[in-house]
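K.L.:
What follows is a structure written as structure tokens; I'll ask about it next.
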Amino acid sequence: MEPMLTTIGLTKNFGGLTAVNNVNFSIYPGDAQSIIGPNGAGKSTFFKLISGEIKPSRGKIMFNGKDITKLPQTKVSHRGIAVAYQITNIFPLLTVFENVRVAAQSRKTTFNFWSKAESHSEISDQALHILEEIGLIQFRHDIAANLSHGDQKRLEIGIALATKPELLLLDEPTAGLSPTETRQTIELIKNISEHLTIILVEHKMTVVMEVSDKITVLHYGSLLAQGSPEDIRNNEEVRRVYLGGVKM
Ligand SMILES: Nc1ncnc2c1ncn2[C@@H]1O[C@H](COP(=O)(O)OP(=O)(O)OP(=O)(O)O)[C@@H](O)[C@H]1O
Ligand SMILES: [Mg+2]
């Protein structure tokens with residue numbers, strides 16, 4: 001099997017700072033991988049490079065066998081990569097349902113001019129299906145701004161899902177969530193990972209250990225270690241630079 005996504009020598013400099021340094025990374029279809037590392041290690045920058053939000057200083061990004069390094073963000077999204085960051089993609093004054101529906105509707109519209117457009121009811125059905133999956137179906141008529149922080153973070157994931165990605169990048173999906181909300185989000189990620197390939201950036205080690213097939217550790221932009229949750233848990237260097245103060 002070929003990897004779905006590969007980065008080759010991926011590097012990003014911000015002035016004199018190398019935020020991502022020569023990273024070689026691969027993920028295979030169906031896997032759930034996590035990227036961990038201290039604050040400022042380059043995790044979010046790595047996601048921004050993959051999603052086309054920023055361009056690398058050096059290196060290459062391959063997705064499904066094609067070079068996407070130079071594609072703009074909208075084209076990367078059309079190829080099938082979606083990102084859920086904080087709650088930045090939510091339209092606060094639209095309802096929960098409208099938020100997901102708009103995302104589903106905006107998908108690939110510019111490219112599929114000649115193909116049969118999906119009907120309004122098909123798109124609405126997809127939106128409702130996603131609301132079921134993210135556990136927000138009962139809030140579908142509520143204004144998004146009125147949701148709790150945890151529910152807004154799950155709505156952000158729903159908006160990403162509505163673009164029908166093959167690869168979903170999740171940046172700290174449980175940051176700021178209560179233990180109960182964190183548990184809901186872990187279950188959601190496990191569900192999603194049954195039908196999607198996922199890369200997760202997360203500081204909570206309980207979440208990382210529970211959902212990951214494989215873990216990559218970044219440190220000052222460089223790849224420090226890679227392996228199974230068990231390998232990473234037992235890696236002396238990883239414990240020293242990152243896990244020392246973290247409960248596992
Ligand atoms: N647009 C930018 N301009 C200059 N420096 C930046 C920019 N974006 C990120 N950096 C720097 O690059 C480094 C990596 O940042 P990044 O946000 O990728 O880290 P991170 O691993 O996501 O950290 P955190 O765990 O705190 O989210 C940091 O030193 C950061 O200050
Ligand atoms: Mg970050």
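Laboratory data are not the source of any read-out in this text; all were calculated from the coordinates shown. This structure is a prediction, so every number in the text was calculated from the model and none was measured. Here the Cβ positions follow ideal geometry from the backbone for every residue, glycine too, while neighbour counts run over all protein chains shown.
K.L.:
Could you run the Karplus curve 6.51 cos²θ - 1.76 cosθ + 1.60 with θ = phi - 60° over region 173-188 and give me ³J(HN,Hα) per residue in whole Hz, x for Gly and Pro?
P.N.:
x, 10, 4, x, 8, 6, x, 5, 5, 4, 4, 4, 6, 4, 4, 4
K.L.:
Please report how many Lys pairs in region 13-104 have alpha carbons closer than 18 angstrom, counting only residues at least 8 apart along the chain or sitting on separate chains.
P.N.:
Lysine pairs satisfying the spacing and distance rule in region 13-104 number 11.
K.L.:
Follow-up question, since we're still on this one. What is the distance, in nm, between label points placed 7 Å from the Cα along the Cα-to-Cβ direction at Thr74 and at Ser124?
P.N.:
Placing both labels 7 Å beyond Cα along the Cβ direction yields 2.8 nm.
K.L.:
State to the nearest 20 debye the size of the charge dipole of region 81-164 about its Cα centre, where the only charges are +1 on K and R beta carbons and -1 on D and E beta carbons. Don't jump to the answer; show the numbers that get you there.
P.N.:
On the way: 8 positive and 9 negative charges, 54 e Å.
Using only the charged Cβ atoms, the result is roughly 260 debye.
K.L.:
Let me ask something additional. With +1 assigned to the C-beta of every Lys and Arg and -1 to the C-beta of every Asp and Glu, and no other charges, what is the dipole magnitude of the chain about the Cα centre in debye, to the nearest 20?
P.N.:
Values: 26 positive and 26 negative charges, 182 e Å.
About 880 debye.
K.L.:
What's the percent breakdown of Cα-Cα distances in region 81-164 across 5 Å bins, shortest bin first?
P.N.:
Binned Cα distances yield the sequence 3, 17, 28, 25, 15, 8, 4, 1, 0.
K.L.:
Amide H to amide H, which residues 5 or more places from Thr197 or on other chains are under 5 Å from it, using H placed in the peptide plane?
P.N.:
When sequence neighbours closer than 5 places are left aside, the close amide H contacts are Gly30, Leu168.
K.L.:
Follow-up. Using the charge dipole of the chain (Lys, Arg: +1 at Cβ; Asp, Glu: -1 at Cβ; taken about the Cα centre), state which of Ile50, Val102, Ile36 has its Cα farthest towards the positive end.
P.N.:
Ile50
K.L.:
Once you have the Kirkwood Rh of region 1-147 from its Cα pairs, apply Stokes-Einstein at 10 °C and 1.306 mPa s and quote D in µm²/s. Display every interim value, and only then the final one.
P.N.:
Details: Rh = 17.5 Å.
It comes out at roughly 91 µm²/s.
K.L.:
So if each residue of separation counts as 0.36 nm, and I subtract the Cα-Cα distance between Lys66 and Asp213, what length gain in nm does that give? Write down the numbers at each step before the final one.
P.N.:
Numbers: separation 147, 0.36 × 147 = 52.92 nm, distance 2.45 nm.
Full extension from Lys66 to Asp213 adds 50.5 nm.
K.L.:
Here is a further query. At 222 nm, what value in deg cm²/dmol follows for the chain if DSSP H runs of at least 4 each add -39500 (n - 2.57) and the sum is divided by all its residues, to the nearest 500?
P.N.:
Values: 9 runs with 85 residues, N = 248.
Computed ellipticity for the chain at 222 nm equals -10000 deg cm²/dmol.
K.L.:
Scan around Leu224 for amide H atoms under 5 Å from its own, H built in the peptide plane at 1.01 Å from N, and keep only partners 5 or more places away or cross-chain.
P.N.:
For Leu224, the qualifying residues are Val217, Leu218, His219.
K.L.:
Now for a separate question. So what's the chain giving for Cα Rg divided by 2.2 N^0.38 Å, two decimals? Mind showing how you got there, number by number?
P.N.:
On the way: Rg = 18.1 Å, N = 248, 2.2 N^0.38 = 17.9 Å.
Output field value: 1.01.
K.L.:
Which whole-Hz ³J(HN,Hα) couplings does region 88-96 yield from phi under the Karplus relation 6.51 cos²θ - 1.76 cosθ + 1.60, θ = phi - 60°, glycine and proline marked x?
P.N.:
Residue by residue, region 88-96 yields 6, 9, 7, 8, x, 8, 8, 6, 4 Hz.
K.L.:
So what are the ³J(HN,Hα) numbers for region 131-143, from phi and the Karplus equation (6.51, -1.76, 1.60; θ = phi - 60°), rounded to whole Hz, Gly and Pro as x?
P.N.:
Karplus values, whole Hz, x for Gly and Pro: 4, 4, 4, 8, x, 10, 4, 6, 9, 4, 8, 7, 5.
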